[in-house]
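The structure appears below as structure tokens.
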Amino acid sequence: MIEATSLSCMLYNNPIAYGTDVSAEQLADLASYDNLHAVKESSGDVRRVTAVLERLGRRLNVFAGLDDMIVESAAMGASGWIAGLVNALPAESVRLFDLARSGDWTEARALYDWFLPLLRLDTLSKFVQL
């Protein structure tokens, strides 16, 4: 359990892969642990970013966890992105996140449209093979 370490921890909420979905309410209970600093939000519901921020403010850093929700998650306040394709296309990944955070929707949309077919591959269980 998280109390077994003093290291900084990030909770991976990935119900698609793990079959368990940590709600904003449950995350609020877990936020009582001082060494929980972030959540990778991969529920597939961008409203979860908003729900976590509404409930916890900036107590935890909320990271977008599904590549095909990065623009939406950043727009709703995600502070980072655990990206699957960042190693293959680092400049494009950083640019997309920066555009979404800054609200430059025209340029963000153009890059997102180009990138989205690849980003959707990261939402599948056989991403590495693809």
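Looking across the stretch 72-123 at every residue that is outside any strand (DSSP E or B), in contact with a strand residue (DSSP E or B) (Cβ under 7 Å, 6 or more places away or on another chain) and not small (Gly, Ala, Ser), the one that is surrounded by the fewest Cβ atoms within 10 Å (Cβ to Cβ) is identified as Ile82.
Of the residues making up the stretch 83-99, at least one is in contact (Cβ under 8 Å) with a residue 12 or more places away in the chain and within 22 Å of Gly19 (Cβ to Cβ).
Applying the criterion of being touching a residue at least 24 places away in the same chain (Cβ under 8 Å) and not in a helix (DSSP H, G or I) to the residues of the stretch 47-63, the residue that is farthest from Leu36 (Cα to Cα) is Phe63. Looking at this structure, is Ile16 in a helix (DSSP H, G or I), open to solvent by 30 Å² or more (accessible area, probe 1.4 Å) and of a type in the set (A, V, I, L, M)? Yes. Restricting the search to the stretch 19-44, which residues are part of a strand (DSSP E or B) and open to solvent by less than 30 Å² (accessible area, probe 1.4 Å)? If the condition is that a residue be part of a strand (DSSP E or B) and open to solvent by less than 30 Å² (accessible area, probe 1.4 Å), then Leu36, Ala38, Val39, Lys40, Glu41 are the ones that fit.
The values are calculated or read from the model by the stated rules, or taken from the named source; none is laboratory data. These numbers come from a predicted model, not from an experiment. Please note: Cβ atoms are built from the backbone with ideal geometry, for glycine as well, and neighbour counts cover all protein chains shown. Areas reflect the complete protein model, heavy atoms only, side chains present, ligands, DNA and RNA absent. Shrake-Rupley method; radii C 1.70, N 1.55, O 1.52, S 1.80 Å.
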